[in-house]
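The values are calculated or read from the model by the stated rules, or taken from the named source; none is laboratory data. The model shown is predicted, which means the values in this text are computed figures rather than measured ones. Please note: Cβ atoms are built from the backbone with ideal geometry, for glycine as well, and neighbour counts cover all protein chains shown. Ligands, DNA and RNA are excluded from the accessible area calculation, which covers all protein heavy atoms including side chains. Shrake-Rupley method; radii C 1.70, N 1.55, O 1.52, S 1.80 Å.
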Amino acid sequence: MKGGRKNLKRAAEAPFDLQQGQSIMQVVSHRGSNLIEVMDAKGEKSLALFLAKFQKIMWIKLGNFVVVDESGREEAAESGRKVGCIVSQVLFYEQVRVLQKSSEWP
């Protein structure tokens, strides 16, 4: 038996660094089964896709912080698509506290 869920939880709890094209956003509202509305540090709102592999393992509440990959945000706006970001990680309380003390916090 493979440890898919166990490895996913371990990867989520491990410390990380933001990659290029990733940013920290706050969850504003839920829009459906796997769509959430997020807000960046400038106050701009956009829709983000919450991948199915996270749905049964991690839950997102309003006000939580997530790391999103926004590399296709400009392309989505130009082509008229509504979803512009993909959630790559949900941040836990301890991770938020560590990031707030570092320079990566928006």
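Remarks
- Accessible-area rank, largest first, for Ser46, Ser33, Ser102: Ser33, Ser102, Ser46, with all protein chains present and a 1.4 angstrom probe.
- Asp69 accessible area, assembled protein chains, probe 1.4 Å, Å²: 60
- Per residue, the average separation of C-alpha pairs within less than 8 Å and at least 6 apart gives the range 18-106 a relative contact order of 29 percent.
- Per residue, the chain reaches -7500 deg cm²/dmol at 222 nm when only DSSP H runs of four or more residues are counted, each adding -39500 (n - 2.57).
- Correct option for Kirkwood radius over Cα pairs in Å [calculated from the coordinates] among [x] 13.7; [y] 16.3; [z] 14.4: [z]
- Gaussian network model of the chain, springs between alpha carbon atoms under 10 Å - residue of Lys56, Lys45, Lys82 with greatest fluctuation: Lys56
- Of the GluC sites (Glu not before Pro) in the range 66-106, those whose Cβ has at most 14 other Cβ within 10 Å and which sit in DSSP loop: Glu104
- Charge dipole of the chain (Cα centre as origin; +1 on each Lys and Arg Cβ, -1 on each Asp and Glu Cβ, all else neutral): 680 debye, rounded to the nearest 20.
- With the charge dipole of the range 30-106 set up from +1 on Lys and Arg Cβ and -1 on Asp and Glu Cβ about the Cα centre, the Cα lying farthest toward the positive end among the listed residues Ala48, Ser103, Ser79 is that of Ala48.
- Solvent-accessible heavy-atom area per residue, rounded to whole Å², over the chain at 1.4 Å: 68
- Solvent-accessible area of Val68 with every protein chain in place, 1.4 Å probe, in Å² to the nearest 10: 0
- Taking only protein heavy atoms and a 1.4 Å probe, the accessible area of the chain is 52% carbon and sulfur.
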